[in-house]
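The structure appears below as structure tokens.
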2 protein chains.
Amino acid sequence: MSDHIVKSYDRDLEALGRRIAEMGGVAEKMLAEAMDALSGFNVDLAHRVVSSDPRLDALQREIEENAILTIARRQPLAVDLRECIAAIRISGDIERVGDLAKNIAKRTLKIVSEARVPRAIVGLKSMHEIAAMQLKDALDAYALRDTERARAVWQNDSDLDALEDSVFRDLLTFMMEDPRNISFCTHLLFCSKNLERIGDHTTNISETVVYLVTGEAMPTERPKSRVADFGKDEAAQ
Amino acid sequence: MSDHIVKSYDRDLEALGRRIAEMGGVAEKMLAEAMDALSGFNVDLAHRVVSSDPRLDALQREIEENAILTIARRQPLAVDLRECIAAIRISGDIERVGDLAKNIAKRTLKIVSEARVPRAIVGLKSMHEIAAMQLKDALDAYALRDTERARAVWQNDSDLDALEDSVFRDLLTFMMEDPRNISFCTHLLFCSKNLERIGDHTTNISETVVYLVTGEAMPTERPKSRVADFGKDEAAQ
């Protein structure tokens, strides 16, 4: 290919990477603001998070279209093809992270008038810290094409799952203490599940990074801390 | 293109459609069996559903790879390109339907020893009937390239959302009646959320069918019955 065409092709691939980084930044902000809104019972902030979601959807569709057009026009091979595939997959995971942050914000709007059991939110804040770090590390792993960082995210996911178990047990306790806590705590239960699922998407992103760099798929079973407990009677999933 | 190449190309596109139909069948079966397992407290059946999931993941990856290779090799335009894009998107939605069915089965394994409040499952069965019909109709809409059927699925999603609201209220009532119902009912709450999300994926599939046939995207806001209630204090999402 002529020099001009090669440079144009490189620019296409670089543009994909920049768009992913932009999407990642929007999702990170949505998550941080959703959790601020939840812990501060901040209705305005919650509304702002919900209204950010369409922008993320539009970015995801744009990235998917650009990646597919690049495949159709350039017929890339090997790592260049994987760049396009990775952009499609990662943009999908980031879009769902934003969706989950939006759902946390919508829950805040439900519970803001019930403001019970503030200490029940402590466990969620801990989950959020881990989930936010996992998201940042997964996005960094992609930007740097760093498989070590990606594998670390994959490994750390079990911390989030373990924390979700303990949050579940705490919320159950609050609900059993006082029936007036039940409605509030069920919304927090859904928030904890949303945070755990955000963690799952960060491991998806990490698996895609490893695939992108090495051409190999990672094992499909991630290290769920509860795999060993499969089938046992357990209070939490 | 020579006749031979055109036929080979058509076969590639037809194969994508058949694989989607196969995936759809697996997901439909997983959902039916997960709900049978839940209402019958059937541990063996629940385990079988969970072990079906890797097959669905493998099918999804295969379809995605074949679609992308077809794009790279044939450089399709217009509706043929949309066939490949549709296959990628729909296989992703079907894979997540299977995942949600698997999650319902895993919840069954959690609650099987607690078998309380059988009447709490009635609402879930009603949700399942709608979700299963939506899934079948969405897959039929794709197989027949039928935009009317697709739009009907999109419209009917609000029925499922309304049912989820009433199931939420019922489960809250059971929990407040007796603290010993709380753990059991929280698991059913998650199941109802899983069924509602399956409904969301059937509307995604329907939007993709309309895009496939017409080249136009549908409005991004589906007819959620609760849009009008956004921001009000409501017990359910």
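The values are calculated or read from the model by the stated rules, or taken from the named source; none is laboratory data. The structure presented is a predicted model; accordingly, all values stated were derived computationally and were not measured. Here the Cβ is made from the backbone with ideal geometry for all residues, glycine too, and neighbour counts use every protein chain on show. Please note that ligands, DNA and RNA were not included when accessible areas were found on the heavy atoms of the full protein model with its side chains. Shrake-Rupley method; radii C 1.70, N 1.55, O 1.52, S 1.80 Å.
Worth a mention:
- Occluded residues from the range A:96-111, i.e. those whose accessible area drops by 20 Å² or more once the chain is not alone (1.4 Å probe): A:R96, A:K106, A:R107, A:L109, A:K110
- Using the Cβ-Cβ distance between A:A143 and B:A78 with R0 set to 30 Å, the FRET efficiency from 1/(1 + (r/R0)^6) comes to roughly 0.30.
- Cα-centred dipole magnitude for the range B:1-103, charges only on beta-carbon of K, R (+1) and D, E (-1), debye, nearest 20: 180 debye
- The protein assembly as shown: C-alpha gyration tensor shape, a/c 1.5 cut-off, then a/b vs b/c: prolate
- Extended-chain gain in nm, criterion 0.36 nm per residue less alpha-carbon gap, A:S166 and A:K7: 52.0 nm
- Of the residues B:E65, B:E28, A:E129, B:E207, the one with the largest accessible area comes first in the ranking A:E129, B:E65, B:E28, B:E207, computed with a 1.4 Å probe on protein heavy atoms.
- Computed magnitude of the charge dipole of the protein assembly as shown (debye, nearest 20; Cβ of K, R +1, Cβ of D, E -1): 180 debye
- Expressed as a whole percent, the accessible area of the range B:7-214 that falls on carbon and sulfur atoms is 49 (1.4 Å probe).
- Helix A:120-144 axis versus longest C-alpha principal axis of chain A: approximately 10°, rounded to the nearest ten.
- The relative contact order of chain B, computed from alpha carbon pairs under 8 Å that lie at least 6 residues apart in sequence, is 24 percent.
- Taking the charge dipole of the protein assembly as shown about its Cα centre, with +1 at Lys and Arg Cβ atoms and -1 at Asp and Glu Cβ atoms, the residue from B:L135, A:G40, A:A150 reaching farthest to the positive side is A:G40.
- The charge dipole of the range B:7-214, taken about the Cα centre with unit charges on the Cβ atoms of Lys, Arg (+1) and Asp, Glu (-1), comes to about 420 debye, rounded to the nearest 20.
- If R0 equals 41 Å, the separation of the Cβ atoms of A:A152 and B:K125 corresponds to a calculated FRET efficiency of about 0.40.
- A simple spin-label model places pseudo-atoms 7 Å from Cα toward Cβ; at B:V43 and B:R180 they are separated by 2.1 nm.
- Radius 14 Å from Cβ of B:S52, net charge of other residues (Lys, Arg +1; Asp, Glu -1): -4
- Separation in nanometres of the label points that stand 7 Å from Cα toward Cβ, at A:K29 and B:K136: 4.6 nm
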